[in-house]
Amino acid sequence: MGRIALVSGGTRGIGAAISVALHKAGHTVVANYAGNDEAAKAFSEKTGIKAYKWDVSNYDACVAGLAKVESEVGPIDILVNNAGITRDGMFHKMTVEQWNAVINTNLNSLFNMTRPVWEGMRARKFGRVVCISSINGQKGQMGQANYSAAKAGDIGFVKALAQEGARAGITVNAICPGYIATEMVKAIDPAVVEKSILPLIPVGRLGEPEEIARAVVFLAAEEASFVTGSVMTINGGQYLANG
């Protein structure tokens, strides 16, 4: 059964792969994006998936954007909180602007995006919320105190909200990707990837965005109703967590 799905940060990288995979699974998909109009236009023209622009770190913008989507497309049953940024730096040099930018976009956005659709999901007795966290939210990463804190917070959000949504037919889960072959990772010097990153990954390669997307499709399915509050680790064996 096709549902209406929204993917934040859904026109590039992992988000784009998730949008396409949900679309192929029979869902009506809309993608949110923040600033790259050219990439969003190219994505929509290629896939036929509508893209809506707003800043997920701004609650009022999320309320307005989500209301527009629901008026034009329909009530959102599947929400994928994927949007995220990095502002890396060693903590003794990190600015409050770097800290706040990452916390607001990567953590506060979960409230901003989920709260406006939550009551509708409760009323319809169905909902799927999938939050894209990170391996670094599980193990931490030097130079990413802001990012690791936000992504760890994503996991706490999922575990708490899953308990609230369970009786209402809403599942809430997290996926923690490791190193994935996105534009950001591909921009790293290949020699650094070969010498410093791949040796940490037991399977010996980077993950593909589509591998994350397939997990989202599973969690969004009607048949995944017994899976909630889970943390799915997809990192090629780099970090083994108990959830």
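So for region 75-130, Kirkwood radius off the Cα pairs, Stokes-Einstein at 25 °C and 0.890 mPa s: how many µm² s⁻¹? Roughly 190 µm²/s, to the nearest whole number. Once the Cβ-Cβ distance between Met1 and Ala42 is put in as r, and R0 is 30 Å, what FRET efficiency do you end up with, to the nearest 0.05? Computed FRET efficiency for Met1 and Ala42 comes out at 0.50. Derived scalar couplings between HN and Hα for region 161-174 equal 5, 4, 5, 6, x, 4, 6, 9, x, 10, 9, 9, 9, 10 Hz in order, rounded to whole Hz, by the Karplus curve 6.51 cos²θ - 1.76 cosθ + 1.60 (θ = phi - 60°), x for Gly and Pro. Considering only Ala67, Ala213, Gly127, the residue lying farthest towards the positive end of the dipole of the chain is Gly127, judged by Cα position with unit charges set on Cβ.
For region 36-112, the Stokes-Einstein estimate of translational diffusion at 37 °C and a viscosity of 0.692 mPa s comes to 229 µm²/s, using the Kirkwood hydrodynamic radius over alpha-carbon pairs. Calculate the tail of P(r) for the chain: the fraction of all Cα-Cα distances greater than 23 Å, expressed in %. Result: 47 percent of Cα pairs exceed 23 Å. The string of couplings for region 39-56 from the Karplus curve (6.51, -1.76, 1.60, θ = phi - 60°) is 5, 5, 5, 5, 5, 5, 5, 6, 9, x, 8, 5, 10, 10, 9, 6, 8, 5 Hz, one whole number per residue in order, with x for Gly and Pro.
Cα centroid separation, region 8-60 to region 110-166: 19 Å. Put simply, region 105-243 fits an ellipsoid with semi-axes of 30, 16, 13 Å; these come from the alpha carbon gyration tensor as the roots of five times its eigenvalues, largest first. Helix 209-220 and the long axis of the chain differ in direction by around 40°, with both axes built from C-alpha atoms.
For region 176-243, dividing the convex hull volume of the Cα atoms by the residue count gives 86 Å³ per residue.
The mean sequence distance of close C-alpha pairs (under 8 Å, at least 6 residues apart), as a share of the length of the chain, puts its relative contact order at 19 percent.
Residues of region 137-154 with an amide N closer than 20 Å to a point placed 7 Å from the Cα of Val96 along the Cα-to-Cβ direction: 145-147, 149-150.
Remark: the Glu164-Lys125 segment gains 12.8 nm on full extension, using 0.36 nm per residue and subtracting the alpha carbon distance. Loop-located trypsin sites (Lys or Arg not before Pro) in region 119-219 (DSSP state other than H, G, I, E, B) with a sparse environment of at most 15 neighbouring Cβ atoms within 10 Å: Lys125, Arg205. A crude spin-label estimate for the pair Glu194 and Tyr239, with each label 7 Å from Cα along the Cβ direction, gives 2.7 nm.
Both radii are taken from the alpha-carbon atoms of region 126-184; with Rh as the Kirkwood radius, Rg/Rh is 1.07. Out of Asn100, Asn146, Asn81, any idea which swings most in a Gaussian network model of the chain, alpha carbons joined below 10 Å? Greatest mean-square fluctuation among the candidates belongs to Asn100. Of Ala123, Ala152, Ala181, the residue with the greatest mean-square motion in the GNM of the chain, using alpha carbon springs below 10 Å, is Ala123.
The Cα trace of region 5-69 gives Rg and Dmax of 11.0, 31 Å, the first to one decimal, the second as a whole number. Here Lys195 is the anchor, and the lysines within straight C-alpha reach of less than 23 Å, apart from those fewer than 8 places off in the same chain, are Lys139, Lys186. Using just its DSSP H runs of length 4 or more, each adding -39500 (n - 2.57), the chain gives a mean residue ellipticity at 222 nm of -13000 deg cm²/dmol after division by all residues. Using the alpha-carbon positions of region 63-162, Rg (one decimal) and Dmax (whole number) come out as 15.2, 48 Å.
Throughout, read-outs are computed from the coordinates displayed, never taken from laboratory work. Since the model is a prediction, treat every value here as computed from it, not as a measurement. With ideal geometry, Cβ positions are generated from the backbone for all residues, glycine too; neighbour counts draw on all protein chains shown.
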